[in-house]
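The values are calculated or read from the model by the stated rules, or taken from the named source; none is laboratory data. Values in this document were obtained by computation on a predicted structure and should not be read as measured data. Positions of Cβ are generated from backbone atoms using ideal geometry, with glycine treated the same way; all protein chains shown enter the neighbour counts.
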Amino acid sequence: MSASAVQSALVDDAQALFRAAVERVQAPHLLSQRDPSTWAPAPLSAYASLRVVGMGKAALAMAGAMDRFLGARRRADEALAGCVVVPEGYATTGPDGLAPPSSLDVMEGGHPLPTRKSTRAARRMLDHAEAAGPNDLLLVLISGGGTALSTLPAADLDVTDLRTTYHRLLTAGVPVQSMNAVRKHLTRVGGGQLARAAAPATVAAGVVSDVVGDDMSVIASGPTVPDPTTYEDAVRVLYRYNLWRDVPRPVRTHLAEGARGKRPDTPGPGDACFERAHTHLIGTNRMALDAAADAAEARGYEVRRVTVGVEGEARAVGRDHVDTLLDAEPSTPTCWLWGGEPTVTVTGEGNGGRNQEVALGGALALEETSAPAVLLSGGTDGIDGPTEAAGAWATPDTAERARAAGCDPEAHLDDNNAHPLFDATGQLLQTGPTHTNVMDVHVGLVHPDAPTDDSL
């Protein structure tokens with residue numbers, strides 16, 4: 001087989017591994033593995049009524065799967081109240097073969113920055129939570145993206161204040177744990193506040209994790225679990241990243257008053273509102289990586305390493321991945337898998353997400369080899385930053401092809417402008433919304449040196 005054919009096969013395989021990873025963490029599979037009737041401490045029939053609320057990129061698929069599940073278990077005359085909020089455009093799409101929920105309102109909100117639609121959806125969710133009585137069950141479907149989608153500003157703030165603040169946090173490369181310490185203290189759903197609104201009803205939540213470490217107090221800002229952070233922590237984050245003077249004055253005033261004890265803090269560990277709240281982790285990045293590893297082995301690859309928890313600057317992560325590939329010198333087709341969520345400190349004016357920046361950093365490093373290799377980086381939600389792509393892939397000739405198309409790879413990287421470069425080379429990973437979100441999956445494949453004469 002010629003070198004070009006081997007290279008093409010590697011690209012096809014990398015995309016197939018990514019698809020396998022995404023499929024493993026979609027709602028129908030996750031809910032079949034973790035029976036929702038076991039989320040609550042008593043059988044579903046023991047509750048006077050059921051309400052369902054959900055938020056995040058996986059909320060529509062989770063709600064559809066939940067609606068199908070509950071439809072076979074509730075009385076014909078029993079209406080199911082509830083709502084879910086998803087990013088704009090998601091309401092008209094869905095995984096193949098899964099109908100949207102027939103008995104729940106599907107609302108749309110802004111992401112990654114909240115909108116007025118986000119505030120309306122959050123208000124509706126709180127209304128359902130507050131309406132649940134002591135004999136009722138509130139089922140909560142939680143996934144990444146839920147923070148922005150279900151943003152109801154604190155009473156003295158406006159959504160425009162929060163949009164500015166969220167934007168400053170996102171573009172400064174602030175880790176999500178620190179970012180959400182701030183966001184939880186500006187809003188009324190995250191930080192355990194949904195559970196507080198539902199008390200004394202029973203709350204049972206299923207969570208699809210999009211954060212390194214699977215900390216459920218961070219995922220969608222932890223609406224049903226105790227908040228270990230405080231107003232003081234939120235203030236410290238803004239000072240640590242030199243953002244205190246960059247956020248609107250009402251935000252500074254709100255947080256400062258909270259830190260001085262003039263506002264009640266979010267409910268923390270030991271708060272009575274969590275006595276009847278039960279939260280379960282049902283989907284993780286590890287599950288997606290395991291599926292990719294299974295698919296790689298089925299295609300004849302030796303899976304050398306599977307690594308979770310990848311963080312750091314995206315371009316540096318891409319270079320590090322390629323260093324690993326180039327140092328390997330494998331004797332058989334070999335696969336490396338990484339999962340996590342790198343960050344991008346935006347200094348340019350370009351258009352691109354963290355996965356495309358991982359791939360571009362890798363593309364420059366791959367110039368050092370002529371052996372068939374590929375580095376693919378994709379967001380399992382199907383969306384990478386402000387683009388329609390899930391990510392991109394890089395091969396040893398990517399940088400050369402980019403230059404031939406009039407794109408300077410180094411300049412595009414400096415300008416955080418990976419998207420048009422990969423569009424020009426035809427190496428964008430495009431899946432559309434996947435209706436799940438377990439961070440990113442990076443696939444590295446290397447083949448032993450192949451013949452260089454394409455006529456062979």
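Tabulated results
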| read-out | value |
| --- | --- |
| Search result, residues across the stretch 197-220 that are buried (at least 24 other Cβ atoms within 10 Å of the Cβ) and assigned to a helix (DSSP H, G or I) | A198, I219, A220 |
| Among residues of the stretch 381-439, those that are of a type in the set (D, E), over 22 Å from P112 (Cα atoms) and touching a strand residue (DSSP E or B) at 6+ places or on another chain (Cβ under 6 Å), counted | 0 |
| Which listed residue is within 25 Å of the chain's Cα centre (by Cα) and either more than 18 Å from Q193 (Cβ to Cβ) or not in a strand (DSSP E or B) (or both), from G309, G270, G300, G258 | G309 |
| Failed condition for G94, given (1) outside any helix (DSSP H, G or I); (2) free of Cβ contacts under 8 Å to residues at least 60 places away in the same chain | (2) |
| Residue satisfying all of: in the stretch 53-80; surrounded by 15 or more Cβ atoms within 10 Å (Cβ to Cβ) and basic (K, R); modelled with the highest pLDDT among these | K57 |
| Residue within the stretch 132-139 that is under 30 Å from G385 (Cβ atoms) and within 23 Å of the chain's Cα centre (by Cα) present | no |
| Qualifying residue in the stretch 144-161 (condition: of a type in the set (V, I, T), within 15 Å of S217 (Cα to Cα) and assigned to a helix (DSSP H, G or I)) | yes |
| Hey, A359 closer than 19 Å to S8 by Cα, of a type outside the set (D, E, K, R) and touching a Gly at 6+ places or on another chain (Cβ under 9 Å) or not | yes |
| Hits in the stretch 284-323 - residues which are farther than 23 Å from G353 by Cα and not aliphatic (A, V, I, L, M) | D290, D294, E297, R299, G300, Y301, E302, R304, R305 |
| Those residues of the stretch 1-50 which are touching a strand residue (DSSP E or B) at 6+ places or on another chain (Cβ under 7 Å) and among the small types (G, A, S), in sequence order | A14, A21, A40 |
| Extreme residue, surrounded by the most Cβ atoms within 10 Å (Cβ to Cβ), among residues of the stretch 405-433 that are in a helix (DSSP H, G or I) and of a type in the set (D, E, K, R) | D423 |
| Hey, D227 at pLDDT 95 or above, acidic (D, E) and in a loop (DSSP other than H, G, I, E, B) or not | yes |
| Unique match (being outside the structural domain of A277 (by TED's automatic domain parsing), surrounded by 15 or more Cβ atoms within 10 Å (Cβ to Cβ) and within 16 Å of V189 (Cβ to Cβ)) among L157, L138 | L157 |
| Test: residue in the stretch 241-251 that is in a loop (DSSP other than H, G, I, E, B), crowded, with 20+ Cβ neighbours inside 10 Å and modelled with pLDDT of 95 or more | yes |
| Positions within the stretch 98-124 being assigned to a loop (DSSP other than H, G, I, E, B) and either without any contact (Cβ under 8 Å) to a residue 60 or more places away in the chain or outside the structural domain of D210 (by TED's automatic domain parsing) (or both), in sequence order | A99, P100, P101, S102, S103, L104, G110, H111, P112, L113, P114, T115 |
| Which numbered condition E130 misses (of (1) in contact with a strand residue (DSSP E or B) (Cβ under 7 Å, 6 or more places away or on another chain); (2) surrounded by fewer than 24 Cβ atoms within 10 Å (Cβ to Cβ)) | (1) |
